[in-house]
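Colleague: Structure incoming, see below.
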Amino acid sequence: MSPLENDTLLRALAREPTEYTPVWLMRQAGRYLPEYRRTRARAGSFTALMRSPELCVEVALQPLERYPLDAAIVFSDILAVPDAMGLGLSFAEGEGPRLAHPVRDEQAVARLSLPDLSALEYVLQAVRKTRRALAGRVPLIGFAGSPYTLACYMVEGAASDEFPTVKRMLYSRPDLLHRILEVNAAAVADLLNAQIEAGAQVVMLFDTWGGNLSAHGYETFSLAYSRKVFASLVREAEGRRVPVILFTRGGGSWLEAMAESGCDAVGLDWTVDPRDARRRIGARVALQGNLDPAALLAPPECARSEARRVLEAFGPAAGHVFNLGHGIGPKADPDSVAAVVDEVRTYSRKIRAAR
Ligand code: 1CP
């Protein structure tokens, strides 16, 4: 494997000093890029794109051709796991994901089992091929959904604002939800370990829906299972630590617990004040975030000044990875993305040099 030319991300995640703040963007490959839309059209559908390792490499590299980003993320989707469990994933045009066989009752829960990794071989192929195509330019991030976030889709069967079916199960049959979460935690740990073996140099757990829980619910149904995943991960590959990032959207109240969960970095959404986050969790973990993705709807100069505000809030201390507070949306302006990435590079160098 080629040696890493730019390991800024890995050093920042280890809270070591870096010359500038590394930057990548959640969902950096996606619909805001015309070249992504063209590749997706060629694939015919999102699921066909996701299942083609060659096209996954192509779209994973697209944002790196445009912007000087410090990481690539494997192109896949968190819902590959429920699909591999036989729940039947599809994407209705303009509607988001759908699972043909949601897991809503005792019988369906009893049938649920750990997917065979061979059903996720296309994801691992995408990891191997993307790593090879990067040729050491920047590290490759692998990922999975958190056990709870996956359960939200598996029980509800589709995207939802409030996930009422999941909440009903949580309060009426917590035993069933716990059983689903057990299976998910094992499946996610297997997939992340396989991604590490295939060449992922960082892994991230996306807990997009953890923030819809109560404080007690977050500990019981989300964090407890993320912790199990972290405890099962192989933390070293190719002689280097493989850092783990935990992102919970809406998790601002629980940062201390997240920082103690066994991850190396905590992703902050845009509602959190970075100074406050650092004060609360000290230097235990690195922090990632947290520009409001909506800033990318504004013209480049406006997005640039918001990026500067985020950099100032984190300050020049080691252990910050610049990112958005959630995934980039389809209406983001590619020129505003360019301005943000440029500002992170130039302004973070300046504040470090002035220290
Ligand atoms: O129409 C299209 O082209 C599909 C849009 C799309 C894309 C680009 C989907 C459908 N998934 C993806 C890729 C993807 N998804 C990546 C890799 C790309 C990258 O980061 O560059 C990643 C990391 C994800 C993760 C993902 N999928 C999450 C967690 C992160 C987040 O943003 O919250 C979630 C919740 C999903 C489910 C999902 N897949 C796709 C959509 C539209 C959704 C969200 C559905 C909902 O609103 O509930």
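The values are calculated or read from the model by the stated rules, or taken from the named source; none is laboratory data. Computed from a predicted model, the values in this text were never measured in an experiment. Cβ placement follows ideal geometry from the backbone for every residue including glycine, while neighbour counts extend to all protein chains displayed. These area figures cover heavy atoms from the full protein model, side chains too; ligands, DNA and RNA do not enter into them. Shrake-Rupley method; radii C 1.70, N 1.55, O 1.52, S 1.80 Å.
Colleague: Of the numbered conditions (1) touching a helix residue (DSSP H, G or I) at 6+ places or on another chain (Cβ under 9 Å); (2) on the phi > 0 side of the Ramachandran plot, Gly94 fails exactly one; give the number of that condition.
Modeller: (1)
Colleague: Of everything in the range 75-88, what is closer than 24 Å to Pro139 by Cβ, outside any helix (DSSP H, G or I) and hydrophobic (A, V, I, L, M, F, W, C)? Give them in sequence order.
Modeller: Within the range 75-88, the first condition is being closer than 24 Å to Pro139 by Cβ, and the residues that meet it are 75-78, 80-81.
Okay, now just the ones that are also outside any helix (DSSP H, G or I), so 75-78.
Passing the criteria: Phe75, Ile78.
Colleague: How many residues, within the range 298-340, are within 16 Å of the ligand (Cβ to nearest atom) and either surrounded by fewer than 21 Cβ atoms within 10 Å (Cβ to Cβ) or of a type in the set (D, E, K, R) (or both)?
Modeller: Counting residues in the range 298-340 that are within 16 Å of the ligand (Cβ to nearest atom) and either surrounded by fewer than 21 Cβ atoms within 10 Å (Cβ to Cβ) or of a type in the set (D, E, K, R) (or both) gives 5.
Colleague: Tell me, yes or no, whether the range 82-94 has at least one residue that is farther than 22 Å from Ala187 by Cβ, among the acidic types (Asp, Glu) and within 12 Å of the ligand (Cβ to nearest atom).
Modeller: Of the residues in the range 82-94, the ones farther than 22 Å from Ala187 by Cβ are 92-94.
Narrowing further to those that are among the acidic types (Asp, Glu): 93.
Cutting the leftovers down to within 12 Å of the ligand (Cβ to nearest atom) gives us 93.
Yes, because at least one residue in the range 82-94 is farther than 22 Å from Ala187 by Cβ, among the acidic types (Asp, Glu) and within 12 Å of the ligand (Cβ to nearest atom).
Colleague: When both residues are 6+ apart or on different chains and their Cβ atoms are under 7 Å apart, which pairs have a first residue that lies in the range 43-66 and is within 11 Å of the ligand (Cβ to nearest atom), and a second that is among the hydroxyl-bearing types (Ser, Thr, Tyr) and part of a helix (DSSP H, G or I)?
Modeller: Leu49/Thr39; Cys56/Thr130; Val59/Tyr36; Val59/Thr39; Ala60/Thr130; Gln62/Tyr36
Colleague: I've got another one for you. Taking the range 45-71, which residues are of a type outside the set (A, V, I, L, M, F, W, C), modelled with pLDDT of 95 or more and not in a helix (DSSP H, G or I)?
Modeller: Hits for the range 45-71 are Arg51, Ser52, Tyr67, Pro68, Asp70.
Colleague: Moving on. For residues that are modelled with pLDDT of 95 or more and of a type in the set (D, E, K, R), scanning just the range 136-161, find the one that is nearest to Pro102 (Cα to Cα).
Modeller: Glu156
Colleague: Which strands (runs of 3 or more DSSP E) does the range 188-300 wholly contain that include 2 or more residues that are at pLDDT 95 or above and either over 18 Å from the mean Cα position of the chain (by Cα) or not aliphatic (A, V, I, L, M) (or both)? Quick ask: steps written out before the conclusion?
Modeller: Values: elements: 202-207, 244-248, 265-267, 286-291.
The qualifying strands (runs of 3 or more DSSP E) are 202-207, 244-248, 286-291.
Colleague: Output the residues belonging to the range 273-292 that are open to solvent by 20 Å² or more (accessible area, probe 1.4 Å) and in contact with a Leu (Cβ under 8 Å, 6 or more places away or on another chain).
Modeller: Arg278, Arg280, Asp292
Colleague: On the basis of being touching a Gly at 6+ places or on another chain (Cβ under 6 Å), near the ligand (Cβ under 10 Å from one of its atoms) and within 19 Å of Val337 (Cβ to Cβ), does Arg27 make the cut?
Modeller: Details: touching a Gly at 6+ places or on another chain (Cβ under 6 Å): yes; near the ligand (Cβ under 10 Å from one of its atoms): yes; within 19 Å of Val337 (Cβ to Cβ): yes.
For Arg27, the condition - touching a Gly at 6+ places or on another chain (Cβ under 6 Å), near the ligand (Cβ under 10 Å from one of its atoms) and within 19 Å of Val337 (Cβ to Cβ) - is met.
Colleague: Go through the residues of the range 96-107 one by one and say whether even a single one is modelled with pLDDT under 95 and either under 22 Å from Thr8 (Cβ atoms) or open to solvent by 20 Å² or more (accessible area, probe 1.4 Å) (or both). Break it down into steps so the answer makes sense when it comes.
Modeller: Residues of the range 96-107 that are modelled with pLDDT under 95, as a first pass: 96.
Filter once more, so that each one left must be either under 22 Å from Thr8 (Cβ atoms) or open to solvent by 20 Å² or more (accessible area, probe 1.4 Å) (or both): 96.
Yes, the range 96-107 has at least one match.
Colleague: Identify, by number, the condition in (1) within 30 Å of Ala231 (Cβ to Cβ); (2) touching a residue at least 60 places away in the same chain (Cβ under 8 Å); (3) not charged (D, E, K, R) that Leu311 doesn't meet.
Modeller: Among (1) within 30 Å of Ala231 (Cβ to Cβ); (2) touching a residue at least 60 places away in the same chain (Cβ under 8 Å); (3) not charged (D, E, K, R), Leu311 violates only (1).
Colleague: Just for the range 5-27: of the residues that are assigned to a loop (DSSP other than H, G, I, E, B) and aliphatic (A, V, I, L, M), which one is surrounded by the most Cβ atoms within 10 Å (Cβ to Cβ)?
Modeller: Within the range 5-27, the first condition is being assigned to a loop (DSSP other than H, G, I, E, B), and the residues that meet it are 5-7, 14-22, 24-27.
Next, only the ones that are aliphatic (A, V, I, L, M) stay: 14, 25-26.
On the way: Ala14: 17, Leu25: 25, Met26: 23.
In this case the residue turns out to be Leu25.
Colleague: Can you work out which of the residues in the range 153-177 that are buried (at least 17 other Cβ atoms within 10 Å of the Cβ) and within 12 Å of Glu106 (Cα to Cα) is farthest from the ligand (Cβ to nearest atom)?
Modeller: By that ranking, first place goes to Leu176.
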